[in-house]
Amino acid sequence: MKIDYLIVGQGIAGTSLAHQFAAKGVSFKILQNNTLPSSSKVAGGMINPLTGKRLARTWKHEIIFDYLDEFYTHLEDKLNTKFLSKIQLFRPYKNENQKHQFEKAIFLKRLTDFVDIIPAEKEINPIIHAPIGGLITHDSGKLDVINFLESSAELFKEMDVFLEGNFSTLSFFSDTDNIEYKEHTFNKVVFCEGIHAQNNPLFDWLPFNPVKGETLDVSIGEHHLDMIINQGVWIMPLGNEKYKIGSTYDWDNLDFNSTEIAKYEILEKAKHFLKIEPTILSQSAGIRPAVKDRRPIMGKHPKFDNVFIFNGLGTKGVSLAPYFSLQLAEHLIEQKEIDIESTIERFYPLYS
């Protein structure tokens, strides 16, 4: 008997899609190749409704943020664990010009429901340097990505839908009417491979714009932070007196190797707002699966009707994955339309 779907990749995208399939009662298996390095497992997991130098609302904020709370909290109950934390984010002003620009943007863009202006005389934390004040963002937080992925994998194993290994696209090309993996046959396959899609001959024509990022896991001694601090780089509490600082952006050296250059860059930028020197516990590197127009890629391969992709979530994967996995599931199962900015069809002219 054929199974409805094979999901290739158990990162943030594939895991979210698997939960949508489970909720809708369709049959599926999810395949993870643990020999490949995973960008999802080194992701910071920050959730931030206001981003960028111009203090802009995150793209599609209204629908994305409403749904991500529902999605993750439902799964926390189902998996009997905790991976979503709603904590405030403090953004110290870099200089007077930024202060002026941000406070002007708050008024012009009607962002008063999102932020509080913190005056210079108010101390946020004894170890945080903010001589001219800053902004506190509400509705921000973080996702414990590793816990989300690992607890989901345990559930998938209990459901007997978890597979481990490597899916060969070469065997697929030999018989495009049947999608087979080991003893299983599937109606459709959805590739959720992140950066590794660049090496998939079915999708290597897409305009990926991958960027390497490195982070540090640190301790700050007897000091304590209960919020995210973001200025050039960010520091985020992980629990158990550990913190993560990141991240760098490198478009040239696309590998998973940690570097001294990145470590130095992170620590130097952190000095602008952190009064103490953190103790480095570990360093990690990942490659964000970004696309040139910074929008997800979802939908059907231009030639093969049973081949689909879910990719391109980039730096905001933990925020985008819940809503867009729902949209893709509804497209596959109920034939609903995919968001016009996110459909793979926008890149069909590149295929040959």
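Here are some notes:
- Sorted largest first, the spans of the alpha carbon positions of segment 12-60 along the three principal axes are 44, 30, 11 Å.
- Mean separation of Cα contacts under 8 Å, 6 or more apart, over the residue count of the chain: relative contact order %: 23 percent
- FRET efficiency, 1/(1 + (r/R0)^6) with R0 41 Å, evaluated for Asp116 and Lys336 via beta carbons: 0.60
- Most fluctuating residue given options Asp339, Asp255, Asp77, as computed from a GNM of the chain linking Cα atoms under 10 Å: Asp77
- Cα gyration tensor shape of segment 37-86, rounded if a/c is under 1.5, else prolate or oblate by comparing a/b with b/c: oblate
- Taking Cα atoms only, the orientation of helix 12-24 departs from the longest principal axis of the chain by about 60 degrees.
- Restriction of the GluC sites (Glu not before Pro) in segment 280-348 to DSSP coil positions whose beta-carbon has at most 11 other beta-carbons within 10 angstrom yields Glu337.
- Against the main long axis of the alpha-carbon atoms of the chain, helix 260-270 sits at an angle near 50°.
- The mean sequence separation of alpha-carbon pairs under 8 Å and at least six residues apart, normalised by the residue count of segment 1-109, gives a relative contact order of 19 percent.
- For the pair segment 1-20 and segment 263-290, the centres of their Cα atoms are 33 angstrom apart.
- Charged-residue dipole, Cβ positions (Lys, Arg, Asp, Glu), segment 185-253 about Cα centre, Debye nearest 20: 260 debye
- Dipole magnitude for segment 1-129: about 440 debye, using +1 per Lys or Arg Cβ and -1 per Asp or Glu Cβ, origin at the Cα centre.
- Prolate/oblate/rounded call for segment 1-140, Cα gyration tensor, a/c under 1.5 rounded: prolate
- In Å, descending, principal axis extents of the Cα set of segment 196-269: 51, 23, 20
- Expected 222 nm ellipticity per residue - DSSP helices of 4 or more, -39500 (n - 2.57), all of the chain, to 500: -8500 deg cm²/dmol
Read the figures in this text as sums done on the coordinates, not as results from a lab. Computed from a prediction, not measured in an experiment: that's the story for all the values here. Note that we place each Cβ from the backbone using ideal geometry, even for glycine, and neighbour counts take in every protein chain shown.
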